[in-house]
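Colleague: After the structure tokens below, expect a handful of questions from me.
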Amino acid sequence: MFLKEADLLSFSFKQFVYKLKAHSNLLYGLMLIQIIALFFSIGGVSHMSSSNGELSVSVNTYSASLVIGFSFIWIFFIGILLTTKQYKKIELPLVTSSLSGNLSDIGFLMIASIFGSITSTLVGVLQRIILYISFDQTQIIFDKFLISFYDLVLGIVIGTLYMILISALGYLIGSITKLSMAFVLIIPAIIFGFLRVYTDFFQKVLLVYTKEAALPLFALKVLITVIILFGVSSLLSPNKEVSQ
Amino acid sequence: MILNTDSTKPIYIQIAEWLEVEILNGNFKEDERVYSQYQLADMFTINPATAAKGLNLLAEEHIVYKRRGLGMFVSPNAKQAILTKRRKQILEQMIKELVIEAKRLDVDEAELIEMIKNVRKEGEEEQL
Amino acid sequence: MSVIQCQNVTRSYGKLKAIDNLSFAIEENKLTGLIGRNGAGKTTLLKLLAGYLKPTSGEIEVFSQKPFNNLEGSSKTMFVNDTMTFPDSFTLIDILSEVAPFYANWNSNLAKGLLDYFSINPKQPHSKLSKGSKSTFNSILGIASRCPLTIFDEPTSGMDSAVRKDFYKALLKDYLEYPRSIILSSHLINEVEGILEDILLLNQGVKSLHLPVLELKKFAIGLRGNAQVIQRFVEGKELIYQEEFAKGYLYVVLRSELIQPELKLVRQSGLDVLSISTDDLCIYLTAKSRGGIDYVFKRS
Amino acid sequence: MNSLLLLILLFLIGIVIISLFQSLRSKITRLLSWRLSAIIAGLYLGFLAMLVPILYLLPANDFIKTVENKEQAISNSQILMNDLYNQKFPSEEDLAKLEGVYKNSSHTFKVDSNKLSINLRTKTGSYHVLIQEKDVDDNEINVSAYVTAQYMGEVNFTKQLAPPAISLKNGILFLTTPNYQTLEFKQFNSDFTVDQFKHQNSNNGLSTNFGEQIIYIHVPKNLEINRDGLEDRIQLIGARQKLIQRAQ
């Protein structure tokens with residue numbers, strides 16, 4: 001006789017460790033995408049200039065936002081990828097149930113999110129150093145060139161929360177498509193259709209997260225959403241048979 | 001030792017016969033423990049149930065006896081029992097077939113006996 | 001104690017019934033062979049037992065629980081088949097150590113020893129293996145996991161005959177050392193017959209028979225000889241197989257118990273009484289149409 | 001709508017990159033065991049983490065620092081301009097002391113004529129010329145160019161402006177604005193993730209504050225000044241100067 005919960009957790013954890021090693025090469029995708037984003041953002045993310053007749057003043061603004069944005073896209077695809085047959089298949093030789101499979105996927109996505117957020121935030125530091133070396137330093141505005149350590153940690157925490165949220169979304173979409181391949185076509189159609197018709201509504205939903213300026217409240221919102229998204233994904237899968 | 005799996009003779013009988021030969025050859029003495037079903041299974045790559053059946057066959061014929069918890073042991077007089085059995089069953093069966101075949105080939109009794117004598121003589125010469 | 005209990009299990013794919021109203025039980029620590037021709041439903045049955053598939057109707061219990069999506073069941077079951085996939089980020093030797101923590105009885109030395117014995121390069125990924133090596137490697141996992149229920153689905157496909165023999169030997173040796181319930185599916189019975197205790201013969205999703213191998217030998221008997229004489233004996237009896245191998249000469253196979261009382265009489269009437277090899281018996285039992293391939297040629 | 005399009009574009013780029021990578025991956029990663037991946041992950045993370053102290057150690061002396069009081073400087077400039085329009089002229093000493101006002105250049109010319117006319121060759125109307133008569137006739141014309149606070153966002157670029165070219169020839173003082181000047185600055189923003197929680201309205205639209213130029217000319221006593229047609233841009237400060245001082 002053994003405790004089933006402990007069992008589920010222990011096997012999920014073993015699977016999580018297994019997947020961490022198994023999917024470790026997904027990291028190269030992240031690195032590649034971050035480097036590409038870095039190259040894009042070395043040109044500056046926004047450009048402002050004004051002039052009067054004799055003078056033009058321009059300010060190029062730099063940030064690692066693009067790198068973070070690209071990493072968000074990456075984690076979204078990883079979320080979908082983990083639900084695909086090719087990736088689910090590796091669970092089969094292991095001790096598994098659909099719940100333990102989901103839990104280990106969630107664990108992997110969390111680690112991937114943390115890693116993605118840390119690296120993408122730190123690529124911002126790399127970007128500053130590259131620009132420091134390549135630019136005339138008298139052109140660099142000191143303000144915000146040095147990211148405070150507090151800002152770095154804050155950025156990492158928020159980035160992680162966002163990435164977990166996005167990965168949960170990807171995972172849900174992937175799980176839905178697994179029910180029927182028809183959803184592969186239906187979901188984007190629905191999303192784009194709704195985006196057009198209910199733009200306001202979508203913007204409001206988006207603002208729930210993006211305009212929340214209180215960190216604890218934001219974390220709470222993300223947490224609840226993530227639990228719902230992963231919960232629905234987990235509820236979708238138990239009746240799914242293994243097809244090979 | 002390789003068993004003949006294609007043979008129509010069941011494997012457990014082949015096992016029993018092989019053990020009988022071992023006993024006849026003196027590889028097992030009286031009251032000596034014979035192979036267990038698991039040893040046999042391992043040796044012949046057969047299911048232990050099959051090996052057990054072979055041993056049980058010998059036990060039924062009182063060639064081996066069981067000691068609870070210790071395994072199968074060669075019965076006293078096992079050699080004699082085997083010889084008797086083989087003479088009775090195998091030799092008789094063979095002779096039956098021999099006689100039928102001889103009849104088919106028009107070999108009469110005297111001729112058949114002569115042939116048997118010859119074969120025996122050749123065997124003895126080879127042994128020398 | 002029954003490890004597996006199936007009650008009226010049916011599994012259909014659309015209209016096709018891969019498993020049709022199957023009932024059987026498998027006792028603990030038996031080495032059972034699941035025999036059937038290609039498409040008999042062997043793999044479907046094994047997937048049902050391993051919890052990969054759900055039965056369309058009927059009850060399956062493995063270790064007294066429904067196997068589908070059951071973690072506890074999965075922890076006690078190892079299903080070796082040729083679609084097992086392992087990540088490319090693992091070499092074979094990695095796989096052995098990564099899979100080990102999942103199985104309580106895992107024998108790591110045995111796994112490494114077997115990998116070494118079968119001289120498969122342990123530094124390559126699973127997906128690069130040839131079909132035979134893949135089968136060998138998967139089978140090593142099956143043996144080393146020492147799961148209370150270990151299922152091998154056509155484990156030897158692609159192996160050469162030397163490796164096959166070694167595999168069966170290894171399987172049996174480990175089974176003797178560590179008894180457990182093993183199901184071995186194969187379409188080649190004479191290869192596995194020796195190591196099996198029971199045989200479950202499947203024919204187009206239906207159970208043909210489920211017997212100890214030892215009884216299978218005595219299960220049927222063949223009669224050969226003059227057609228008219230044979231007809232006299234087998235009149236009204238269910239024949240397993242029948243073949244007219246020369247004009248006026250018949251070869252029939254029927255269950256031993258049907259003819260046992262008259263066997264002496266049969267012999268006296270000059271008919272040959274033949275025992276049937278398990279291999280032939282399985283072929284006869286699972287033949288698509290009575291009369292065999294000859295029948296097709298005679299008709300055309 | 002535009003940002004949505006951008007988002008979709010980013011999405012498509014992401015898809016292309018990932019699918020490209022996926023197809024390559026199967027070929028490459030055969031060689032890449034999880035151990036190697038873990039090592040690379042560690043190196044990548046370690047490399048990036050190592051950059052943080054390096055960033056803090058970089059010498060930042062040359063950077064443009066925005067420690068000045070921008071609001072004060074701008075309002076000073078505005079008050080100054082108002083005063084100018086209201087014909088309230090500061091003395092040069094006051095002007096030089098005013099926060100946010102910067103002296104661009106100063107020239108001294110020998111008087112070469114008994115008349116002075118001014119040739120103002122400017123492209124904008126932001127040049128104000130103040131002419132003050134000295135108490136003595138020292139035969140020298142002193143010209144100083146001042147510029148009021150110029151900001152883009154938080155950046156004070158007042159000091160980076162090139163001064164106007166000033167020369168005197170045959171009683172004509174040529175004031176020529178410098179060639180078209182382009183100033184470039186690099187600003188770093190915090191990432192959008194952090195921005196959300198930094199209670200500042202970091203609206204990316206940087207407001208630009210162009211300043212005005214004041215050319216202060218001291219002329220010897222009794223020099224005749226000709227400012228035909230430029231009366232509104234060239235102011236003469238003489239006796240009235242004292243009045244202004246009293247008003248302050």
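The values are calculated or read from the model by the stated rules, or taken from the named source; none is laboratory data. Keep in mind that this is a model prediction, so the values were computed, not measured. For neighbour counting, all protein chains shown are included, and Cβ atoms are generated from backbone atoms with ideal geometry for every residue, glycine included. The area values use the complete protein model at the heavy-atom level, side chains included, leaving out ligands, DNA and RNA. Shrake-Rupley method; radii C 1.70, N 1.55, O 1.52, S 1.80 Å.
Colleague: So how tilted is helix A:182-197 from the main axis of chain A? Cα-based, degrees 0 to 90, rounded to 10.
Modeller: 40
Colleague: Return the calculated 222 nm mean residue ellipticity for chain C, to the nearest 500 deg cm²/dmol, obtained by summing -39500 (n - 2.57) across DSSP H runs with n ≥ 4 and dividing by the residue count.
Modeller: Rounded to the nearest 500, it is -10000 deg cm²/dmol.
Colleague: When the Cα centres of the stretch D:145-170 and the stretch C:55-98 are compared, how far apart do they sit, in Å?
Modeller: 79
Colleague: Considering the options C:Pro155, C:Met1, C:Gln204, tell which one lies farthest towards the positive end of the dipole of chain C, charges being +1 on Lys and Arg and -1 on Asp and Glu at the Cβ, about the Cα centre.
Modeller: Result: C:Gln204, furthest along the dipole toward the positive end.
Colleague: Still on this structure: To the nearest whole number, what is the average tally of beta carbon atoms from other chains within 10 Å of the beta carbons of peptide A:71-78?
Modeller: 3
Colleague: Which number do you get for Rg(Cα) / (2.2 N^0.38 Å) in the stretch A:121-169?
Modeller: 1.45
Colleague: Using +1 on the beta carbon of Lys and Arg, -1 on that of Asp and Glu, and nothing else charged, what's the dipole of the protein assembly as shown about the Cα centre, debye to 20?
Modeller: Roughly 1160 debye, rounded to the nearest 20.
Colleague: Right, here's the next one. Could you compute how fast chain C diffuses translationally, taking Rh as the Kirkwood radius over C-alpha pairs and applying Stokes-Einstein at 10 °C with viscosity 1.306 mPa s? Give it in µm² per second.
Modeller: 76
Colleague: On to the next question. On C-alpha positions alone, give me the angle between the axis of helix A:65-82 and the longest principal axis of chain A, in degrees, nearest 10.
Modeller: 10
Colleague: Another question, if that's okay. Rounded, prolate or oblate: pick one for the stretch D:65-247, where a ≥ b ≥ c are the square roots of the eigenvalues of its C-alpha gyration tensor, a/c under 1.5 means rounded, and failing that, prolate if a/b is larger than b/c, else oblate.
Modeller: Judged from the Cα gyration tensor, the stretch D:65-247 comes out prolate (a/c at least 1.5, a/b above b/c).
Colleague: Using +1 on the beta carbon of Lys and Arg, -1 on that of Asp and Glu, and nothing else charged, what's the dipole of the stretch C:2-150 about the Cα centre, debye to 20?
Modeller: The calculation lands at about 460 debye.
Colleague: Out of every Cα pair in chain A, what percent are spaced more than 28 Å from each other?
Modeller: Beyond 28 Å sits 44 percent of the P(r) for chain A.
Colleague: Please give every one of the aspartates and glutamates within straight-line cross-link reach of B:Lys96, meaning a C-alpha to C-alpha distance under 19 Å, and leave out same-chain neighbours fewer than 8 residues apart.
Modeller: Counting by Cα, and skipping residues close in sequence, B:Lys96 has these aspartates and glutamates nearby: B:Asp106, B:Asp108, B:Glu109, B:Glu111, B:Glu114, C:Asp272.
Colleague: Just the accessible area for C:Phe137, please: 1.4 Å probe, Å², rounded to the nearest 10?
Modeller: 0
Colleague: While we're here: Just which residues of the stretch D:162-187 lose 50 Å² or more accessible area with every protein chain there, against their chain alone, with the probe set to 1.4 Å?
Modeller: D:Tyr180, D:Glu184, D:Phe185, D:Lys186, D:Gln187
Colleague: What percentage of all Cα-Cα pairs in the protein assembly as shown are separated by more than 48 Å?
Modeller: In whole percent, the long-distance tail amounts to 53.
Colleague: May I ask you to give the solvent-accessible area per residue for the protein assembly as shown, in square angstrom, as obtained with a 1.4 angstrom probe?
Modeller: It amounts to 50 Å² per residue over the protein assembly as shown.
Colleague: Membrane-span-like helices in chain C: DSSP H runs reaching 15 Å or more (Cα, own axis), mean Kyte hydropathy at least -1.0?
Modeller: Length and hydropathy pass: C:131-145, C:161-177.
Colleague: Something else about it: What ratio of Cα Rg to 2.2 N^0.38 Å holds for the stretch A:6-147?
Modeller: 1.46
Colleague: Quick one: helix A:149-179 against the long Cα principal axis of chain A, what's the angle to the nearest 10°, folded into 0 to 90?
Modeller: Helix A:149-179 and the main axis of chain A meet at about 40 degrees.
Colleague: What's the ranking of C:42-51, A:228-237 by average number of surrounding C-beta atoms within 10 Å, highest first?
Modeller: Going by the mean number of other Cβ atoms within 10 Å, highest first, we get C:42-51, A:228-237.
Colleague: Right, next: Which pairs in the list C:Lys131/C:Lys207; C:Lys76/C:Lys217; D:Lys110/D:Lys221 are over 24 Å apart, alpha-carbon to alpha-carbon?
Modeller: C:Lys131/C:Lys207; C:Lys76/C:Lys217
Colleague: Quick one: buried accessible area between A and C, total over both chains, 1.4 angstrom probe, nearest 100 Å²?
Modeller: Chains A and C together bury approximately 2500 Å².
Colleague: Report the one residue of A:Ile228, D:Pro178, C:Gln231 whose Cα lies farthest in the direction of the positive end of the charge dipole of the protein assembly as shown (charges on C-beta: Lys and Arg +1, Asp and Glu -1; origin at the Cα centre).
Modeller: Of the options given, the answer is C:Gln231.
Colleague: Within the set of other residues whose C-beta is less than 11 Å from the C-beta of B:Met94, count the net charge using Lys and Arg as +1 and Asp and Glu as -1.
Modeller: Around B:Met94, the surrounding residues sum to 0.
Colleague: Of all the Cα-Cα pairs you can form in the stretch B:11-76, what percent are over 18 Å apart?
Modeller: 24
Colleague: Taking 10 Å² as the minimum loss, tell me which residues in the stretch A:150-184 lose that much accessible area going from the chain by itself to the full protein complex (1.4 Å probe).
Modeller: Residues of the stretch A:150-184 that lose at least 10 Å² of accessible area once the other chains are added: A:Asp151, A:Leu152, A:Leu154, A:Gly155, A:Ile158, A:Tyr162.
Colleague: As a check on your grasp of the helix formula, calculate [θ] at 222 nm for chain A: sum -39500 (n - 2.57) over DSSP H runs of n ≥ 4, divide by the residue count, round to the nearest 500.
Modeller: Dividing the helical sum by the residues of chain A leaves -24500 deg cm²/dmol.
Colleague: For the stretch D:127-230, just the Cα set please: Rg and Dmax, both in angstrom.
Modeller: Cα only, the stretch D:127-230: 20.7, 67 Å (Rg, Dmax).
Colleague: Just tell me how shielded B:48-55 is by partners: mean number of partner chain Cβ atoms within 10 Å of each residue's Cβ, no decimals.
Modeller: 4
Colleague: Here is a follow-up. Largest first, what is the accessible-area ranking of A:Leu179, C:Leu96 with a 1.4 Å probe?
Modeller: The most accessible residue leads, giving A:Leu179, C:Leu96.
Colleague: Then there is this: Give me the net charge of C:Glu59's neighbourhood, meaning all other residues with Cβ under 13 Å from the Cβ of C:Glu59; Lys, Arg count +1, Asp, Glu -1.
Modeller: Taking every Cβ under 13 Å from that of C:Glu59, the sum is +2.
Colleague: Using only protein heavy atoms and a 1.4 Å probe, how much accessible area in total is buried between D and A, to the nearest 100 Å²?
Modeller: Summed over both sides, the interface buries about 7500 Å².
Colleague: Take the alpha-carbon centre of the stretch C:133-156, take the same for the stretch A:190-210, and report the distance between them in whole Å.
Modeller: 52
Colleague: Kindly identify the stretch A:66-144 as rounded, prolate or oblate by the Cα gyration tensor criterion: order the square roots of the eigenvalues as a ≥ b ≥ c, call it rounded if a/c is under 1.5, otherwise compare a/b with b/c, prolate if a/b is larger, else oblate.
Modeller: prolate
Colleague: Across 10 Å bins from the origin, how do the percents of Cα pairs in chain B run, short distances first?
Modeller: 12, 33, 28, 20, 7, 0
Colleague: Let me ask another. Please give me the summed charge of the neighbours of B:Lys117: other residues whose Cβ is under 12 Å from its Cβ, Lys and Arg +1, Asp and Glu -1.
Modeller: Around B:Lys117, the charge tally is -2.
Colleague: OK, next. Using a/c under 1.5 as the rounded threshold, could you call the stretch B:81-127 rounded, prolate or oblate? The axes a ≥ b ≥ c are square roots of the C-alpha gyration tensor eigenvalues, and prolate needs a/b larger than b/c, oblate otherwise.
Modeller: Here the stretch B:81-127 falls in the oblate category.
Colleague: Computing the accessible area with a 1.4 Å probe over protein heavy atoms, can you report the carbon and sulfur percentage for the protein assembly as shown?
Modeller: Exposed carbon and sulfur together represent 58 percent of the surface.
Colleague: Also: If you find the alpha carbon centre of the stretch A:74-152 and of the stretch B:75-128, how far apart are they in angstrom?
Modeller: The stretch A:74-152 and the stretch B:75-128 have Cα centres spaced 87 Å from each other.
Colleague: Per the Kirkwood treatment, what hydrodynamic radius in Å, one decimal, follows for the stretch D:100-150 from the mean inverse distance over all distinct Cα pairs?
Modeller: 13.0
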